[in-house]
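In what follows, a structure is listed as C-alpha cells, so that the remarks can point back to it.
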Amino acid sequence: MSALQSTTALQTARRLGVSESGLAIVALVGFALLPIFVSGYTIYILPQYMLYGVMAMSLALLWGYSGILSIGQAGFFAIGGYIIGLSFKWIDFGNPAYIAFVVAPCVGAALAGVLGYFLFRAGVRAAYFVLVTLAVSIIVEQVAVSQSQWTGGWNGMYVPRMSLTLGTGTEISLFDDGPIYYFVLVVVVAIYILLRWLVTSKFGKVLLGIRENEDRVISLGFDASLYKTAAFMMSGALATLAGALYGTHAGFVSPSLGGVLFSTEVVVWVAIGGRNSFLGALLATIVVASLSNYLSAIAPKYWQLVIGVVFIVVIIHFRGGIAGALGRSGAFGKHKRGQDG
Amino acid sequence: MLSTTISVLIDATLLTFTLALASLGLAIIFGLIGVINMGHGAMLTLGAYFTWWTMEAGFPFAAAAIIAATCVAIIGLALEHFIIRHFYDKPFETLLITWGFFLVTTEVIKIAFGTDIHNIPNPLPGSFDLGVQQVPAYRMLLAIITLGLFLAIGFVFYRTTIGIKVRALTQNREMASLLGLDIGRTYKLVFVTGSFLAGLAGALICPMLSIDPYIGMVFLVRAFFVVIVGGIGQILGGTLIGSFLIGGSETLFALFSTQTFAQTVVFALAIIVLRFRPLGVLTSATRT
C-alpha cells in the first residue's frame, strides 16, 4: 500500500511537473520583460525578493522533498551576506565577488555537513533538527552582533555592488539596477533548473523515498542519514550563495538578516507557496514579500499578525500550500491529503 | 582561587535553578504528552507581560505572578481545546502550530503592550552574605521556589491518583484508555499545567530582566536543550541535570570569554551530546 502510494505521489509530482514547467516559463518571460514596462523601485527591489525565493526553494528541497524542516535558513543567508562583505574588505586581487560566490556555498555546505553529520547520524528526531536549526539562527545573529570588529555589530556592514569581470580584462558594471536585475534573474533560473533536475535524479527519488518511508529506504540498502546530510548541505549551500548575492545587491547586511524572525518568515513563505513545489515557493515568496513591503507601510502593526494567522490556517487546512491546493482541484490530477508529511 | 571557585559554583547553581524553572513547563508537556511546544517562549513572555500589567493595576508581586500564570493557563487551555487536541497523533504538525501560536502571540503582545521595554521593581531587594559572595536575595528566593515546585510536582506525580493516571498514560496509552482513563481530559490537564508553569516561570523571572516581546525566545532554545540533554520524560531529575549541564557550562565558559561566545559553545556542546546520547544523558541509547 505504501509503495503504491509513493508511486502515485511520484506520478502526481511528474504530472504537476509538466504543468509547473509551463507556468515557470510564463513567469520567466514575465520577469524578463518586466523592466521594459516598469522601472525604479520595483526593479531595484525585485531581485532581493527573488533571492529570498532562492532561500525558500532551498527550504522546499529540505522540507517538501526530504521531510526535514529547518528554521535556520536565514542564518545561512546572513552568513553568505557577511562573507561577501568581508571578501570585499579583505581581498584585493581578482574579483572579490567571485571569490565570495565560491567560498560562501562551501562554508554553508560545511556548516550544514557538520550539523547533519551530528544529528542525522545519531538518528535524532525530526523535531530536534528543527530546534538545532533554530539555535543556528540565534547564534548567527548573536555572533554578528557581538563580533563587531568584523561585522559592524548592530550597525551592520556596507557591501559594494559587484561587477562582472571576464578573463580578457573586460568589466561589466552591475552598479545600475537594470543589469543586476538580469544577472540575479539568470542565477535564480539556473538554481531553479538545477533543483528541478536534482529532484528527478536518483538522488531526489531517494529523498522522496525517505520522506515517504524512511525505514523502507534504509532496508533497501540506502544510507538515509547520508542522503539527508547531503540534502541539508545542498540546501545550506544554496541559501548561503543567495545571501552572498543579496549582500552585494542590497549593499548592506545586518544581524537581523540571520535572525529567528526572518528564518520564520521563510518557513511561512514556503508553507503558503507549497512545500512540494519549487515554483510555488519562489513565486509565493516574491508575492508575499512584495505584499509585506506594501502593507507594512499601511498597517505596520497588523501585517505580521496576519502572516502568523495565515501560517496557522495553512498548516491546519492546506498542507500543500497554494501549489498543493491547485494540484488537488483536479486540473493536475488527484493529490491525496496526508502524503506530504 | 578557592573563593573564585565557590562563587562560580554559586553562580552556576543559581543559573541552574533559573533554567530549570524556565524549562519545567516545557519538560512536562514534551515529556508526558509528546507535544513539542514551540509556543513555550511565548507563554513565558505572556507571563512576564501579565505580571507587569497586573502590577501596574496595583497588585503586589506575588498576587500578580499567580494571576499572570492563571491567565497563561487559560490561554493554554483555549489553544489545546480548539486546536492542539486534534493533532496529538501528528507531532510535527503540533510543532508547526505551536510555532504559529508563538508568531501570533508575539504580534498580539506588540499590539497590546507596545514594543517598549518594561521593567518591574525587584520584589525582594537586598542580598545575602554567603561569606565569599553577596547573593541577591531574589535570586536565592527563586532557587528555593523552583526547588519547592519540583518537590510539589514530584509529590503529585508519585503520590497521588492524578500522578498514577498520568504515568499510566505515558507508559501505555491504549491500556490506560481500556482501563477507563479519560485520555482527552488527562492530556488537557497536562497541557494546561505546563502552560501554567510556563506563565509562572515568566512571571518569576521577569524581575531580573527587562521585559520585551522577545524575552521568551532565548529561553525557548535553552529550555529545549535542557530537556533534550536531560532526557525526555525524565521530568524532574532530567530537567535539573540538563539545567546544570547547560547553565553550569555557560557560567564556566563565560568566565573566559563573552556571554555570547559561552552560549554558542554550550549550544555546540549540546549538539555533540545529542550525537552520542540521542535520548539524553539519563537515558541509555536503546534506539536502533
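Against the test of being surrounded by 15 or more Cβ atoms within 10 Å (Cβ to Cβ), part of a helix (DSSP H, G or I) and out of contact with any Ser or Thr (no Cβ under 8 Å at 6 or more places or on another chain), the options A:PHE232, A:PHE183, A:PHE222 yield a single qualifying residue, A:PHE183.
The sole residue among B:SER177, B:SER195 that is more than 30 Å from B:ASN119 (Cβ to Cβ), of a type outside the set (A, V, I, L, M) and either touching a helix residue (DSSP H, G or I) at 6+ places or on another chain (Cβ under 7 Å) or at pLDDT below 90 (or both) is B:SER177.
Restricting the search to the stretch B:66-83, which residues are in contact (Cβ under 8 Å) with a residue 24 or more places away in the chain and within 11 Å of chain A (Cβ to nearest Cβ)? Within the stretch B:66-83, B:LEU79 is the sole residue that qualifies. Among the residues of the stretch B:84-106, those identified as among the hydrophobic types (A, V, I, L, M, F, W, C), facing chain A (nearest Cβ under 9 Å) and either under 15 Å from B:VAL192 (Cβ atoms) or out of contact with any Asp or Glu (no Cβ under 7 Å at 6 or more places or on another chain) (or both) are B:PHE92, B:LEU95, B:LEU96, B:ILE97, B:TRP99, B:PHE101, B:PHE102, B:LEU103, B:VAL104.
Condition first: hydrophobic (A, V, I, L, M, F, W, C) and in contact (Cβ under 8 Å) with a residue 60 or more places away in the chain. Now tell me which residues in the stretch A:266-322 satisfy that. Within the stretch A:266-322, A:VAL266, A:VAL267, A:TRP269, A:VAL270, A:PHE278, A:LEU279, A:ALA281, A:LEU282, A:LEU283, A:ALA284, A:ILE286, A:ALA289 qualify. Residues in the stretch A:257-306 that are touching a Phe, Trp or Tyr at 6+ places or on another chain (Cβ under 9 Å), under 18 Å from A:HIS317 (Cα atoms), in a helix (DSSP H, G or I) and not aromatic (Phe, Trp, Tyr): A:VAL267, A:VAL268, A:VAL270, A:ALA271, A:ILE272, A:ALA281, A:ALA284.
So if I check each of B:PHE82, B:PHE59, B:PHE101, B:PHE92, which one is surrounded by 18 or more Cβ atoms within 10 Å (Cβ to Cβ) and hydrophobic (A, V, I, L, M, F, W, C)?
Of the residues listed, the single one that is surrounded by 18 or more Cβ atoms within 10 Å (Cβ to Cβ) and hydrophobic (A, V, I, L, M, F, W, C) is B:PHE101.
Restricting the stretch A:246-267 to residues that are crowded, with 24+ Cβ neighbours inside 10 Å and of a type in the set (A, V, I, L, M, F, W, C) leaves a set whose member that is farthest from the other protein chains (Cβ to nearest Cβ) is A:VAL253. Selection within the stretch B:23-71: residues that are at pLDDT 95 or above, in contact with a Leu (Cβ under 7 Å, 6 or more places away or on another chain) and of a type in the set (A, V, I, L, M). The member of this set that is farthest from B:LEU124 (Cα to Cα) is B:ALA69. Only one entry of A:VAL206, A:VAL145 meets the criterion of being in contact (Cβ under 8 Å) with a residue 60 or more places away in the chain and surrounded by 15 or more Cβ atoms within 10 Å (Cβ to Cβ), and that entry is A:VAL145. For B:GLY233, are the conditions met, namely being surrounded by fewer than 20 Cβ atoms within 10 Å (Cβ to Cβ) and in contact with a Gly (Cβ under 6 Å, 6 or more places away or on another chain)? In short, yes. Annotation: of all residues in the stretch B:230-258 being among the β-branched types (Val, Ile, Thr) and away from chain A (no Cβ under 11 Å), the one that is farthest from B:LEU151 (Cα to Cα) is B:THR251.
Out of B:THR251, B:THR239, one residue alone is more than 14 Å from the chain's Cα centre (by Cα) and either surrounded by fewer than 18 Cβ atoms within 10 Å (Cβ to Cβ) or touching a residue at least 12 places away in the same chain (Cβ under 8 Å) (or both). It is B:THR251. Scanning the stretch B:118-139 turns up one or more residues that are away from chain A (no Cβ under 14 Å) and under 17 Å from the mean Cα position of the chain (by Cα).
Here's a check for you: in the stretch A:104-119, which residue that is of a type outside the set (Gly, Ala, Ser) and more than 21 Å from A:ARG211 (Cα to Cα) is nearest to the other protein chains (Cβ to nearest Cβ)? By that ranking, first place goes to A:VAL114. Among residues of the stretch A:120-134 that are more than 7 Å from every other protein chain (Cβ to nearest Cβ), those with a Cβ under 7 angstrom from a residue that is in a helix (DSSP H, G or I), sequence gap 6+ or separate chain, pair up as A:PHE120/A:SER225; A:PHE120/A:LYS228; A:PHE120/A:THR229; A:PHE129/A:LEU119.
Assessment of the stretch A:74-84 against the conditions (surrounded by fewer than 24 Cβ atoms within 10 Å (Cβ to Cβ) and either of a type in the set (Lys, Arg) or touching a residue at least 24 places away in the same chain (Cβ under 8 Å) (or both)) yields no matching residue.
The values are calculated or read from the model by the stated rules, or taken from the named source; none is laboratory data. Here the structure is a predicted model, which means the values were calculated and not measured. Please note: Cβ atoms are built from the backbone with ideal geometry, for glycine as well, and neighbour counts cover all protein chains shown.
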